[in-house]
Amino acid sequence: MTADRTDDIVQPAPLPDVDDIGRDATEPLRADIRFLGGMLGETIDQQNGHEVFELVETARRASFGVRRLEVDRQQLTHLFEGVDVDVALPVIRAFSHFALLANLAEDLHRERRRSLHERAGEPPQDSSLAATYAKLQAAGLDPVEVDEVLANALVAPVVTAHPTETRRRTIFETQHRITELMRQRERLEAGESAERLDVQIRRQILTLWQTALIRLERLKITDEIEVGLRYYEAAFLEVMPRINGELRRSLRSLYPGHDLLAEPMLRPGSWIGGDRDGNPNVTAEVVRMATTRTAETAIDHYLRELADLEQELSMSVRLVSVTDELSELADRNSADGRSDEPYRRAVRWISGRLTASAATLLSYRPEIAVDVEGAPAYDTPAQLLADLDVVDGSLRAQGDDLIADDRLLRIRESVETFGFHLSGLDMRQNSEVHEQTVAELFAWSGVCADYLALDEDARVAVLTDVLSSRRPLIADGADFSEQTQRELGILQAAAHAVKTLGVAAVPHYIISMCTSVSDMLEAALLLREVGILQAGTPDDPGAARCPVLIVPLFETIEDLRAGAATLRAVLDVPVYRAIVAGNDMQQEVMLGYSDSNKDGGYLAANWALYRAELDLVEVARETGIRLRLFHGRGGTVGRGGGPSYDAILAQPAGAVRGSLRITEQGEVIAAKYAEPTMAARNLETLLAATLESSLLDTEGLGGAADEAYSVLDDLAERARAAYSALVHDTDGFVEYFKQSTPVAEIGALNIGSRPASRKPTEAISDLRAIPWVMSWSQSRVMLPGWYGVGSAFREWIGDDPQRREQLAGYYRTWPFFRTVMSNMAQVMAKSDLGLAQRYSQLVQDDELRRRVFGMIRAEHELTVRMYKEITGSDDLLQDNAALKRSVYNRFPYLEPLNHLQVELLRRYRSGDDGEQVRRAILLTMNGLATALRNSG
């Protein structure tokens, strides 16, 4: 790449070609965007004056002109050069709000299209449960095999905190109101006036405009916990139990006589407040808050529902008969004077017991407390469910199934799904901290003076010996370092949650950067010290029990390659094997998409993950364990993101087997789960893909698998080499990255509770994956989602057309390869090397800028070309109509946010670091994250 060409202005990609049929289909979407955008524009004109409105309109028109190749991009650059920050702020807010409203319009359009599809009587669409049921029925599966595969079935979306999701609850709720008003507007009959609804929508947009988009102060973990809980009130509490019930009934109808899904398949999880890997802000108090606030949310929900149920079940014994069990339950509420209304007395008794449970378990008085004399607390959710079953049984005995199948059924399904804990809180810590903590415990207790000096075999020997004994390592008066005291306090808080709320409250203990058997045994030892793990004895190591699953997280490419060997080795340790046996042979393994990508690039990471799964499945077969994989995916493709349905179907055979856990992060959570209709659709997708991947042959390679695996081994190594040549081996790359992206500002500004790096170093390896990916997304390079792939393809194919056709064949027939290519294309469609070039101009060293940007630009062009050659399509978005609509209808509106961000970063780094500039940069980050919908 020559320096001259590197300095050429990179032209933007034109708007994607949308044919007339596509335009007709999306006209309602464009109408909604025009309607909402017009109202927003009028509001800005009224509230901030015509000068600001004209600047917004000028920027909007110029942005579309740039994408139509009618306007030179430099015009937008000049438009914002030297702009006063007080003027820039409302412009940033305008385009950020437009992104919110456009997201809303797109979500409504998806609803509209699905509704039209259903009304037309067309077959159910892929990724819906209805389509999955039809596929299962057509496959003629053996019901016994289905029963076996779905034993202990689990699909768990695990909510994690994310620095780009900084929207306030008020914004969140205002969006909901606009969404519902737009739905009502859609349902108006022909000729019916929309004026009343339009006024209400205008009112909500005015409220939105006058409400600050983000908080001024840095988010605390307590804030992040509350942000996570908002999705329960918004959607999960309503949707998850209903889907669980419908799924169970449908599968039992498909396979009568089999007690499928005795436990709910869909259950939520969370990392917020339990993930302390590199986050010093997680404390014992934070763990206590995280577990108690979720439990309070569950109990408050049940009590609200029970209050309504009590009003609804007004049946009198003068008119109906009840079962003896119901009469007995009602009579326990002796103080209630409604002697002829046993259902009401019974429900009030249940509410009284639940109120007592809140006091006993949580020292908490619920919002809707019901005090009933003599009502004892429930010790477990099963006891609450048993009382509700008594009410249900009596209603059904008198033929009132219609009543039993309404609110009472929803409450019963909710208790089954959420228990008292609502959401399982995963604990996570880095293996390095574990080994330091264990070393200190050993030194203080006299077990081993210098544990850190031992080799792996010696470590395993001493850990095994201690785990086979019940001798405690800590006692009152122990003098430990601050880090060890903090670790023990956090684990003791987790143990308290397990004791009071059950193991479902803290079901998993995850070991980051797990590389060895000793890493896993160290975690087991720490759980023993706080009473979660029951130790074995030298004579009976099989007596060891630990209800909390110990989960290794394999993150780097090398660790993924060695993961199966590590798991096989730890299962050879009798005390650990006993722990697994005590959990019905269940062993979970977490796969890290983020660090493997940061380590080796997109293709190498994806293939390392696939290979790791194949190897782990083989270990499970050999050792007799029941393997469950936990996919640590982020929102972006660079962190394992992309359409969930395709990603799950792209797993290798045997890797799912009815169980799957998957992380959901930040603005992706809002995009998927912000309201019930959207949440139901996305949760259905997870379930549908899990069922199909578990019960049907989805890999599609047949006898060609070994050859395909060999080809990908080769391609992955080539891609890794190309990626490493840039990221790890190019002099000055770290400096280029720091200067050409907002990574430094992500750490400096009030974004999230977690530090941007695990350690205070300059190394890419110590940088967290979220700021790594987010920085490239903000600067529109999207490098983690594609770099190195083009070089790998070009080198492997060479001049051999048969090799090109071989890859084309994999694209047509192999879901893994097709998904990898499709996700990469989506990322490249969102990238914009013209804007990336603007960010590169923030690099002070001209030679460094030309050299590194030249490498990026050349690889980008090559990767696009190779994608088109292999797929036979010139359209990067050929298989993603939804993203194609976004790019066509609204992606040009991102352009002003990028130009303003560059301008503000330039000022900030030149010393203009006043509060208004800092806030404006944060707003551009938030606006771009919202518009891209998956940026970190």
(request) Could you figure out which of (1) under 26 Å from the mean Cα position of the chain (by Cα); (2) assigned to a loop (DSSP other than H, G, I, E, B) isn't true of Ser873? (result) (1)
(request) Run Glu416 past the list (1) in contact with a Pro (Cβ under 6 Å, 6 or more places away or on another chain); (2) crowded, with 23+ Cβ neighbours inside 10 Å; (3) more than 30 Å from Asp559 (Cβ to Cβ) and report the number of the one that doesn't hold. (result) (2)
(message) Return the pair list, or none, for Cβ contacts closer than 7 Å from residues in segment 793-816 that are closer than 15 Å to Ser710 by Cα to residues that are in a helix (DSSP H, G or I) and acidic (Asp, Glu), at least 6 apart or on different chains.
(response) Trp796/Asp714
(message) Based on this model, can you work out whether Ile272 counts as in contact with a Ser or Thr (Cβ under 9 Å, 6 or more places away or on another chain), over 23 Å from Leu219 (Cα atoms) and among the β-branched types (Val, Ile, Thr)?
(response) no
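Can we say Leu467 is outside the structural domain of Met289 (by TED's automatic domain parsing), more than 16 Å from Arg428 (Cα to Cα) and not polar (S, T, N, Q)?
Working: outside the structural domain of Met289 (by TED's automatic domain parsing): yes; more than 16 Å from Arg428 (Cα to Cα): yes; not polar (S, T, N, Q): yes.
Yes; evaluated as a whole, the condition is true for this residue.
This table checks each residue for (1) touching a residue at least 12 places away in the same chain (Cβ under 8 Å); (2) over 20 Å from Thr663 (Cβ atoms); (3) surrounded by fewer than 24 Cβ atoms within 10 Å (Cβ to Cβ); (4) of a type in the set (S, T, N, Q).
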{"residue": "Thr556", "(1), (2), (3), (4)": "yes, no, yes, yes"}
{"residue": "Asp559", "(1), (2), (3), (4)": "yes, no, yes, no"}
{"residue": "Arg568", "(1), (2), (3), (4)": "yes, yes, yes, no"}
{"residue": "Leu571", "(1), (2), (3), (4)": "yes, yes, yes, no"}
{"residue": "Pro574", "(1), (2), (3), (4)": "yes, yes, yes, no"}
{"residue": "Val580", "(1), (2), (3), (4)": "yes, yes, yes, no"}
{"residue": "Tyr602", "(1), (2), (3), (4)": "yes, no, no, no"}
(message) Looking at (1) assigned to a helix (DSSP H, G or I); (2) acidic (Asp, Glu); (3) surrounded by fewer than 20 Cβ atoms within 10 Å (Cβ to Cβ), which one does Glu224 not meet, given that it meets all the others?
(response) (3)
(message) Where the second residue is surrounded by 14 or more Cβ atoms within 10 Å (Cβ to Cβ) and the first is more than 21 Å from Gln778 (Cα to Cα) and lies in segment 905-919, which pairs have Cβ atoms under 8 Å and are six or more apart or on separate chains?
(response) Gly914/Val85
(request) Kindly indicate the residue of segment 503-560 that is out of contact with any His (no Cβ under 8 Å at 6 or more places or on another chain) and among the acidic types (Asp, Glu) and also nearest to Gly278 (Cα to Cα) among those meeting that condition. (result) Glu555
(message) Quick check on this structure: which one of Gly245, Gly269 is under 30 Å from Thr179 (Cα atoms) and touching a helix residue (DSSP H, G or I) at 6+ places or on another chain (Cβ under 6 Å)?
(response) Gly245
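Could you please find all residues in segment 660-718 being among the charged types (D, E, K, R), at pLDDT 90 or above and outside any helix (DSSP H, G or I)? It would help to see each step written out before you state the result.
Keep residues of segment 660-718 that are among the charged types (D, E, K, R), which gives 661, 664, 667, 672, 675, 681, 684, 692, 697, 699, 706-707, 713-714, 717-718.
Filter once more, so that each one left must be at pLDDT 90 or above: 661, 681, 684, 692, 706-707, 713-714, 717-718.
The answer is Arg661, and nothing else.
A quick yes/no check of all residues on (1) buried (at least 20 other Cβ atoms within 10 Å of the Cβ); (2) of a type outside the set (Ser, Thr, Tyr); (3) in contact with a Ser or Thr (Cβ under 8 Å, 6 or more places away or on another chain):
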residue: Ile648; (1), (2), (3): yes, yes, yes
residue: Ile662; (1), (2), (3): yes, yes, yes
residue: Pro676; (1), (2), (3): no, yes, no
residue: Glu684; (1), (2), (3): yes, yes, yes
residue: Glu735; (1), (2), (3): no, yes, no
residue: Thr741; (1), (2), (3): yes, no, yes
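When the residues of segment 35-56 are narrowed to those that are touching a helix residue (DSSP H, G or I) at 6+ places or on another chain (Cβ under 7 Å) and within 18 Å of Ala102 (Cα to Cα), which ends up surrounded by the fewest Cβ atoms within 10 Å (Cβ to Cβ)?
So in segment 35-56, the residues touching a helix residue (DSSP H, G or I) at 6+ places or on another chain (Cβ under 7 Å) come out as 36-37, 39-41, 43-45, 47-48, 52-53, 55-56.
Going one step further and asking which of them are within 18 Å of Ala102 (Cα to Cα), we end up with 36-37, 39-41, 43-44, 56.
Working: Leu36: 21, Gly37: 19, Met39: 19, Leu40: 22, Gly41: 16, Thr43: 20, Ile44: 23, Val56: 22.
Top of the filtered list is Gly41.
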(request) Evaluate segment 113-126: report whether one residue or more is touching a residue at least 24 places away in the same chain (Cβ under 8 Å) and buried (at least 16 other Cβ atoms within 10 Å of the Cβ). (result) yes
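Which one of Glu57, Glu70 is at negative phi and part of a helix (DSSP H, G or I)?
Values: Glu70 fails: part of a helix (DSSP H, G or I).
Residue meeting the stated conditions: Glu57.
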(message) Quick test of your reading of the structure: Ser357 fulfils all but one of (1) on the phi > 0 side of the Ramachandran plot; (2) of a type in the set (S, T, N, Q); (3) crowded, with 21+ Cβ neighbours inside 10 Å. Name the failing condition by number.
(response) (1)
(request) Mind counting the residues in segment 692-738 that are within 30 Å of Gln778 (Cβ to Cβ) and either touching a Lys or Arg at 6+ places or on another chain (Cβ under 6 Å) or among the basic types (Lys, Arg) (or both)? (result) 3
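Conditions tested, residue by residue: (1) out of contact with any strand residue (DSSP E or B) (no Cβ under 8 Å at 6 or more places or on another chain); (2) under 22 Å from Thr77 (Cα atoms); (3) of a type in the set (Gly, Ala, Ser); (4) surrounded by fewer than 20 Cβ atoms within 10 Å (Cβ to Cβ).
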{"site": "Glu869", "(1), (2), (3), (4)": "yes, no, no, yes"}
{"site": "Leu877", "(1), (2), (3), (4)": "yes, no, no, no"}
{"site": "Val887", "(1), (2), (3), (4)": "yes, yes, no, no"}
{"site": "Pro892", "(1), (2), (3), (4)": "yes, yes, no, no"}
{"site": "Asn898", "(1), (2), (3), (4)": "yes, yes, no, no"}
{"site": "Leu904", "(1), (2), (3), (4)": "yes, yes, no, no"}
(request) Considering every residue within segment 514-528, establish whether at least one is closer than 15 Å to Val589 by Cβ, at pLDDT 95 or above and among the small types (Gly, Ala, Ser). (result) yes
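Scan Leu229, Leu213, Leu251, Leu237 and give me the residue that is more than 30 Å from Thr283 (Cβ to Cβ), of a type in the set (A, V, I, L, M) and surrounded by 15 or more Cβ atoms within 10 Å (Cβ to Cβ). Step through it out loud before you land on a result.
Numbers: Leu229 fails: more than 30 Å from Thr283 (Cβ to Cβ); Leu213 fails: more than 30 Å from Thr283 (Cβ to Cβ); Leu237 fails: more than 30 Å from Thr283 (Cβ to Cβ).
Exactly one of Leu229, Leu213, Leu251, Leu237 is more than 30 Å from Thr283 (Cβ to Cβ), of a type in the set (A, V, I, L, M) and surrounded by 15 or more Cβ atoms within 10 Å (Cβ to Cβ), namely Leu251.
Being surrounded by fewer than 21 Cβ atoms within 10 Å (Cβ to Cβ), closer than 29 Å to Gly632 by Cα and aliphatic (A, V, I, L, M) narrows it down to one of Leu488, Leu533, so name that one.
Details: Leu533 fails: surrounded by fewer than 21 Cβ atoms within 10 Å (Cβ to Cβ).
After applying the criteria, what remains is Leu488.
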(request) Among the numbered conditions (1) surrounded by fewer than 23 Cβ atoms within 10 Å (Cβ to Cβ); (2) under 33 Å from the mean Cα position of the chain (by Cα); (3) touching a residue at least 24 places away in the same chain (Cβ under 8 Å), tell me where Val320 comes up short. (result) (2)
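Looking for whichever is touching a helix residue (DSSP H, G or I) at 6+ places or on another chain (Cβ under 8 Å), assigned to a helix (DSSP H, G or I) and over 27 Å from Asp401 (Cβ atoms) here; the options are Glu296, Glu310, Glu325. Which one fits? Give the derivation first.
Numbers: Glu310 fails: over 27 Å from Asp401 (Cβ atoms); Glu325 fails: over 27 Å from Asp401 (Cβ atoms).
Every option except Glu296 fails the conditions.
Given the criterion more than 30 Å from Glu148 (Cβ to Cβ), more than 23 Å from the chain's Cα centre (by Cα) and of a type in the set (A, V, I, L, M), identify the matching residue among Ala284, Ala235. I'd like the intermediate steps shown before the answer.
Working: Ala235 fails: more than 23 Å from the chain's Cα centre (by Cα).
Only one candidate qualifies: Ala284.
Consider segment 906-936. How many of its residues are at negative phi, assigned to a loop (DSSP other than H, G, I, E, B) and either crowded, with 23+ Cβ neighbours inside 10 Å or under 23 Å from the mean Cα position of the chain (by Cα) (or both)?
Step one: list which residues in segment 906-936 are at negative phi, which gives 906-910, 912-932, 934-936.
Next, only the ones that are assigned to a loop (DSSP other than H, G, I, E, B) stay: 910, 912-914, 934-936.
Within this subset, residues satisfying the condition of being either crowded, with 23+ Cβ neighbours inside 10 Å or under 23 Å from the mean Cα position of the chain (by Cα) (or both) are 934-936.
Total meeting the criteria: 3.
The values are calculated or read from the model by the stated rules, or taken from the named source; none is laboratory data. In this text the structure is predicted, and so the values were computed from the model without any measurement. When we count neighbours, we look across all protein chains shown, and the Cβ atoms used for this are built from the backbone with ideal geometry, even at glycine.
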